[in-house]
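The values are calculated or read from the model by the stated rules, or taken from the named source; none is laboratory data. All values reported here derive from a predicted model rather than from experimental measurement. When we count neighbours, we look across all protein chains shown, and the Cβ atoms used for this are built from the backbone with ideal geometry, even at glycine.
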Amino acid sequence: MGDKRKDYITWDEYFMGVALLSGMRSKDPNTQVGACIVSQDNKIMSMGYNGFPKGCDDDEFPWGRTGESNDTKYPFVTHAELNAILNYRGGSLEGAKIYVALFPCNECAKAIIQAGLKTVVYACDKYADTPATLASKRMFRAAGVELVPYHHTGRQIMLEV
Ligand SMILES: [Zn+2]
């Protein structure tokens, strides 16, 4: 019997990889964010990326970031974390983990807490000093949600599709 292969990806690489892959579905020209929800026993439960709600045409709604509020994407876009939560139709997400490319905003933090998720693994926290992220962290701490910075391994994963 031969030995098993040794260069297989870790759970963390797998789930963060799926989150990043999901983000590649986003039509947003500036920010592509993905999220992957995982059960406590490492089964993928749901995925999401940032985009407009169902029926809101990607070619009709605005993707811009400046101008009158309703001429920008902000009132319309659903973030990856919320989409991942809403995409799950199988019951409860209580105790699950969520892998995200970017630290969740305060609106997603509320949804994550209320959905019963207990762990957030994030790849990037580049808006750490913004009010939205500070509010997120305050709520996560109060709710006892564990915040885990993703340990980047530097592994390059190539897929030919
Ligand atoms: Zn958000």
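Residue under question is ALA19, and the condition is that it be in a strand (DSSP E or B), among the hydrophobic types (A, V, I, L, M, F, W, C), under 26 Å from THR153 (Cα atoms) and at pLDDT 95 or above; does it hold? It is false that ALA19 is in a strand (DSSP E or B), among the hydrophobic types (A, V, I, L, M, F, W, C), under 26 Å from THR153 (Cα atoms) and at pLDDT 95 or above.
Matching residues to (1) in a helix (DSSP H, G or I); (2) at pLDDT 95 or above; (3) within 22 Å of LYS54 (Cα to Cα):
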residue	(1), (2), (3)
GLY91	no, no, yes
TYR99	no, yes, no
GLU107	yes, yes, yes
LYS137	yes, yes, no
ALA142	yes, yes, no
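Criterion applied to TYR127, TYR88 was being among the aromatic types (Phe, Trp, Tyr), over 20 Å from MET24 (Cβ atoms), surrounded by fewer than 19 Cβ atoms within 10 Å (Cβ to Cβ) and within 11 Å of the ligand (Cβ to nearest atom), and the one residue passing it is TYR127. Of all the numbered requirements in (1) in contact (Cβ under 8 Å) with a residue 12 or more places away in the chain; (2) touching a Cys at 6+ places or on another chain (Cβ under 9 Å), THR130 misses one, and that requirement is (1). For the stretch 134-161, the set of residues classified as among the β-branched types (Val, Ile, Thr) and under 14 Å from ALA101 (Cα atoms) consists of VAL148 only. A search for C-beta distances below 8 Å between a residue of the stretch 43-65 that is more than 11 Å from PHE76 (Cβ to Cβ) and modelled with pLDDT under 95 and any residue that is surrounded by 11 or more Cβ atoms within 10 Å (Cβ to Cβ) and of a type in the set (Gly, Ala, Ser), counting only pairs 6+ apart in sequence or on different chains, returns nothing. From the list VAL38, VAL77, the one residue that fits, being within 13 Å of the ligand (Cβ to nearest atom), at pLDDT 95 or above, within 20 Å of ALA109 (Cα to Cα) and not acidic (Asp, Glu), is VAL77. Can you spot a residue in the stretch 107-123 that is away from the ligand (no atom under 13 Å from the Cβ), within 26 Å of GLY144 (Cα to Cα) and crowded, with 22+ Cβ neighbours inside 10 Å? Checking the stretch 107-123: at least one residue is away from the ligand (no atom under 13 Å from the Cβ), within 26 Å of GLY144 (Cα to Cα) and crowded, with 22+ Cβ neighbours inside 10 Å.
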